[in-house]
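Quick notes on the structure that follows.
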Amino acid sequence: MLPEFELLMPRTLPEALEMLAEHAPDVMPVAGGTNLIPDMRSGRYRLRWVVNVASLLELQAIRREDGWLVIGAGVTVAQVLDDPLVAQYAPVLREAAALLGNPLVRNRATVAGNLADASPAADMAPPLLALDAEVELASNQGTRRVLLRDFFLGVRRTVRQPHELVTGVRVPLPPPRSVTAFYKIGLREADAIAVASGAVRMDRDESGRCRLVRIALGSVAPTPIRACQAEAALEGRLPEPEPIAEAARLAAEATRPIDDIRGSATYRRHVTEVMVRRTLTECAARSTE
Amino acid sequence: MEPKLITLTVNGHTHHVALKPNVTLLHALRQMGYIDVKDGCEKGDCGACAVLLNGRAVNSCLVLAWQADGAEVLTAAGLGTAEHPHPLQEAFADVGAVQCGYCTPGMLIAAKALLDRTPYPTEEQIREGISGNLCRCTGYAKIIQAIQVAAEKISPAASPAKPE
């Protein structure tokens with residue numbers, strides 16, 4: 001049985017934001033509930049108020065808006081898997097979505113909730129970091145956008161204030177010749193929590209050199225991280241084996257992993273180097289096809 | 001924490017029930033007598049409580065009953081009857097995919113959701129489709145076989161075992 005709390009059922013986004021403001025800090029929004037409900041049951045969260053945002057129409061759509069792909073905070077991981085805009089503009093997000101949890105969880109869990117929960121192993125984080133995504137936060141005071149790389153503060157901590165709601169995730173549409181890849185190492189093929197994960201992106205110029213590189217890593221630090229020095233080691237260069245190997249080494253150096261029941265810090269660092277090297281090599285091959 | 005009257009249509013029957021806000025869909029359904037929905041881990045790991053919520057397979061332990069107000073729910077018992085079983089129910093019995101039976105209702109729901117979207121699943125797709133459902137008896141082999149048998153029966157046009 002869940003502990004007692006009051007559940008508020010707003011019909012509109014402004015109503016939800018008023019409720020969050022009124023009851024902050026002893027309040028939490030709930031959408032899919034795949035993290036929040038187990039956390040309430042285990043006692044990690046003891047909340048007086050919960051605001052249901054699952055049915056707010058304002059948060060349901062995936063849409064193209066100017067140069068952005070906008071994923072509403074009510075969009076589930078299963079919807080991302082089926083969405084043609086995501087397939088076209090953010091295939092790396094789709095790859096990660098296919099490996100998040102299991103089909104039952106994907107039908108409830110939202111992309112925004114996966115980010116807001118701020119697990120170091122959040123599957124949606126590495127691809128969205130690689131895509132330079134922004135998180136849109138709203139309150140009854142207004143709206144602000146935060147780069148995803150500035151959103152995470154620590155294990156299960158973000159810049160979201162208790163009175164704020166994540167209303168969407170914004171992804172800039174990729175330029176031509178942008179290639180991405182995702183990897184996830186789990187203890188089994190499906191329904192696994194990442195032991196290590198990562199998303200890489202390689203944008204090339206007409207001469208084939210790397211114009212922009214993104215290497216985003218999950219489960220190897222207190223938050224999902226970017227390996228910026230590794231990215232810089234490839235930018236301006238042709239993606240040949242030697243600079244790729246150097247970038248992979250630097251990516252492993254950027255990790256601050258821990259030992260836990262799923263894997264050792266040593267393994268996490270090692271597998272990061274191997275997988276970053278492989279996925280960068282795969283991107284280099286794909287972008288010359 | 002006052003109860004609120006909500007409406008749930010379960011296996012075609014409409015119910016109006018007064019529930020407190022901290023009641024999950026799982027406990028609401030079991031209180032209403034749908035005890036084929038099993039209470040397993042209550043954290044979304046085991047799939048024993050799976051139901052179709054407006055056509056989508058979900059863990060009912062992770063849905064607050066109020067969130068399901070107005071929804072259509074299908075439980076395993078709503079798939080068929082002893083006289084007229086659903087092809088999945090028939091195949092699970094015929095093949096011997098049921099041992100202790102605790103995972104079976106959730107397995108049937110996950111399998112139904114899979115076949116609704118993927119009428120000719122490969123073995124890999126079946127394994128993926130039931131990856132949110134734990135079975136500690138069978139080793140899954142008979143469950144996978146039963147889903148293949150049912151798929152063939154429901155959609156006989158193609159052989160489900162053949163990869164595309």
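Summary table
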| read-out | value |
| --- | --- |
| Carbon plus sulfur fraction of accessible area for the range A:42-86, probe 1.4 Å, in percent | 52 |
| Chain pair A, B: total accessible area buried, heavy atoms, 1.4 Å probe, Å² | 2500 |
| Area accessible to solvent at B:Val17, 1.4 Å probe radius, in Å² | 30 |
| Computed [θ] at 222 nm, helices only, for chain A once each DSSP H run of length n ≥ 4 contributes -39500 (n - 2.57) | -9500 deg cm²/dmol |
| Average accessible surface area per residue within the range A:1-129, 1.4 Å rolling probe, Å² | 37 |
| Sequence-distant lysines (8 or more away, or on other chains) whose Cα lies within less than 18 Å of B:Lys153 | B:Lys112, B:Lys142, B:Lys162 |
| Solvent-accessible area per residue for chain B (1.4 angstrom probe, square angstrom) | 44 |
| Spatially proximal aspartates and glutamates relative to B:Lys4 (Cα-Cα < 15 Å; intrachain offsets below 8 disregarded) | A:Glu4, A:Glu6, B:Asp69 |
| Under-5 Å amide H pairs with B:Val63, H placed in peptide plane, nonlocal only | B:Leu25, B:Leu26 |
| Rounded percent of accessible protein surface that carbon and sulfur make up, the range A:147-289, 1.4 Å probe | 50 |
| Within the accessible area of the range B:14-104 (1.4 Å probe), percent carbon and sulfur | 50 |
| Nearest-20 debye value, the range A:121-217 charge dipole, Cβ charges on Lys, Arg, Asp, Glu | 180 |
| Occluded residues from the range B:99-122, i.e. those whose accessible area drops by 10 Å² or more once the chain is not alone (1.4 Å probe) | B:Arg117 |
| Under the span-like rule (Cα at least 15 Å along the axis, Kyte-Doolittle mean at least -1.0), DSSP H helices of chain B | B:104-117, B:141-154 |
| Burial ranking of peptide ranges B:77-87, A:80-90, A:41-51 (average Cβ count within 10 Å, highest at the top) | A:80-90, A:41-51, B:77-87 |
| Occluded residues from the range B:27-56, i.e. those whose accessible area drops by 40 Å² or more once the chain is not alone (1.4 Å probe) | B:Glu42, B:Arg56 |
| Solvent exposure of the range A:134-289 as accessible area per residue, Å², 1.4 Å probe | 46 |
| Relative contact order, percent, the range A:5-68 [alpha-carbon distance under 8 Å, six or more residues apart] | 46 |
| Summed residue charge, Cβ within 13 Å of A:Pro103's Cβ, Lys/Arg positive, Asp/Glu negative | +2 |
| Shielding of A:95-103 by partner chains, average beta-carbon count, 10 Å | 4 |
| Derived scalar couplings ³J(HN,Hα) [the range A:225-235; Karplus, 6.51 cos²θ - 1.76 cosθ + 1.60; whole Hz; x for Gly, Pro] | 10, 9, 9, 5, 5, 5, 4, 5, 5, 9, 5 |
| Under 25 Å from the Cα of A:Lys184 - lysines, other chains or at least 8 residues apart | B:Lys43 |
| Highest average packing first - A:251-257, A:174-180, B:55-61, B:97-103, Cβ atoms within 10 Å | B:55-61, A:251-257, B:97-103, A:174-180 |
| For the range A:184-237: relative contact order, % (alpha-carbon pairs under 8 angstrom, 6 or more apart) | 27 |
| Solvent-accessible surface (1.4 angstrom probe) belonging to A:Arg94, in square angstrom, nearest 10 | 90 |
| Cα-based Rg and Dmax for the protein assembly as shown, where Dmax is the largest Cα-Cα distance (Å) | 22.8, 70 |
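The values are calculated or read from the model by the stated rules, or taken from the named source; none is laboratory data. Quick caveat: nothing in here was measured; it's all calculated off a predicted structure. Note that each Cβ is placed from the backbone with ideal geometry, even for glycine, and that neighbours are counted across all protein chains shown. Surface areas here come from the heavy atoms of the whole protein model, side chains and all, with no ligands, DNA or RNA. Shrake-Rupley method; radii C 1.70, N 1.55, O 1.52, S 1.80 Å.
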